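Just so you know, all these numbers are worked out from the coordinates, no wet-lab data involved. From a predicted model like this one, the values you see are computed outputs, not experimental measurements. Here Cβ is always computed from backbone atoms with ideal geometry, including for glycine, and neighbour counts include all displayed protein chains.
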Amino acid sequence: MPKPSRTFKFTTRLERPAGSWFHLIMIPASVSRATGKRGPVPVVALVNGLAEVRASIVPCGGGRHRLLINARARGEARVVAGDRVRIVLRVDENPVADPVPHDLAHELRKADVLGPFERLPIGKRNHIIRAVEEAVAETTRDKRIAMAVEVALGASEKEFDRAAAAARKRGAG
């Protein structure tokens, strides 16, 4: 039986950290605590009552999370960096993974990291897939696919490091 939905309402500022290409909102510490999770948390956020964002809030230190707000959502919500935004945030207890596009799957297989990519948190995976799918120019799509392969390579390395540490621990015990 699915858990009841946990919904939070708050107002915050849309930020664009200096030198970055992305925009984000900081989740209040009280909301981060109330989710009951420390790592990535799949959510559905409504920005200014106009734009829906399906992604994961990710830890950013100090017991808080942040949420990236993509260009589509910023446009639909009619907001720019520095604006105050109204957020209705719902924890997605049953997130659904988007299908991996064929060209992305091909490149992930070529790099032997399709498995690690598929084991990423669903929100992170979907965010990457949607970024690839929303690319207008072919060169942008290619760059985003290359970025996805890099993310999957990093995930693969972390899996390898965890397995090696577990093997060392078993050997030392």
Which of (i) 17.6; (ii) 18.2; (iii) 17.2 gives Kirkwood radius over Cα pairs in Å as computed here? It is (i)
Of the GluC sites (Glu not before Pro) in the range 1-88, those whose Cβ has at most 16 other Cβ within 10 Å and which sit in DSSP loop: none
Modelled label reach - Thr11, point 7 Å along Cα→Cβ, the range 60-79 residues with backbone N closer than 18 Å: 77-79
Among the chymotrypsin sites (Phe, Trp or Tyr not before Pro) within the range 2-75, which fall in a DSSP loop and have no more than 15 other Cβ atoms within 10 Å of their own Cβ? Trp21, Phe22
Dipole magnitude of the range 7-91 about its Cα centre (Cβ charges: Lys, Arg +1; Asp, Glu -1), debye to nearest 20: 180 debye
In nm, spacing of pseudo-spin labels at Ala105 and Glu159 (7 Å Cα→C-beta vector): 1.7 nm
Longest exposed-loop-site-free stretch of the chain, with trypsin sites (Lys or Arg not before Pro), DSSP loop and at most 16 other Cβ within 10 Å? 120-173
Under the 0.36 nm per residue contour assumption, what length would be gained going from the current alpha-carbon distance of Ala166 and Asp83 to full extension? 25.3 nm
Given a Förster distance of 25 Å, report the FRET efficiency between Glu138 and Phe22 from their Cβ-Cβ distance, rounded to the nearest 0.05. 0.70
Quickly estimate the mean residue ellipticity at 222 nm for the chain, helices only: each DSSP H run with n ≥ 4 gives -39500 (n - 2.57), and the total goes over all residues, rounded to 500. -14000 deg cm²/dmol
Only four residue types carry charge here, +1 at the Cβ of Lys and Arg and -1 at the Cβ of Asp and Glu. Report the dipole size of the chain about the Cα centre in Debye, rounded to the nearest 20. 920 debye
Only helices at least 15 Å long along their own axis, judged from Cα atoms, and with Kyte-Doolittle mean hydropathy of -1.0 or greater: name those in the chain from DSSP H. 122-134, 138-172
